[in-house]
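To start, the structure under review is shown below, and the notes come after it.
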Amino acid sequence: MTSPEVPSVPVDEVPAEFDAAVPAAAGSSAILLDVREDDEWQLGHAPGALHIPMADVPARVDELDYDSDIYVVCRQGGRSIEVVKYLAHVGFDAVHVVGGMVAWQRSGRPLTGADGHEARIY
């Protein structure tokens, strides 16, 4: 899913630092913000992502750094487009990750799951 008024990047243009298990928000100049629901996150997510469900973003916006490039991802793109619009409205540099975590998994980028189960998006 894409939107002409929202900056977007394909999965392969998201920095490789998010393939590691250390959250990028801890000292990096970029953040991969996963806005999916808790149950979706538990099934599988990028190892270096920061998880804030879409509905919680306005209340938790202080967890984001205005100086960071923020890559926003959801399952396929609908929610992340809306979050990018919101973040731009409040002064962040944010981009939508085209195809979301479905594209992430299809591209072969690493996934991690909760409680040691096999990570999967679909």
Counted residues in region 72-98 being under 19 Å from Asp39 (Cα atoms) and not β-branched (Val, Ile, Thr) come to 7
Return the total of residues in region 78-87 being in contact (Cβ under 8 Å) with a residue 40 or more places away in the chain and in contact with a strand residue (DSSP E or B) (Cβ under 8 Å, 6 or more places away or on another chain). 4
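Can you name every one of the helices (runs of 4 or more DSSP H) wholly within region 32-122 that holds 1 or more residues which are open to solvent by less than 10 Å² (accessible area, probe 1.4 Å)?
Working: elements: 38-43, 57-60, 78-89, 100-106.
The helices (runs of 4 or more DSSP H) meeting that bar are 57-60, 78-89, 100-106.
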Residues satisfying the stated conditions in region 31-89, i.e. within 12 Å of the chain's Cα centre (by Cα) and polar (S, T, N, Q): Gln76, Ser80
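The values are calculated or read from the model by the stated rules, or taken from the named source; none is laboratory data. Owing to the predicted nature of the structure, the values given are computational and were not obtained by experimental measurement. Counting neighbours? That spans all protein chains shown, and the Cβs are built from the backbone with ideal geometry, glycine included. Only protein heavy atoms, including side chains, enter the accessible area calculation; ligands, DNA and RNA are left aside. Shrake-Rupley method; radii C 1.70, N 1.55, O 1.52, S 1.80 Å.
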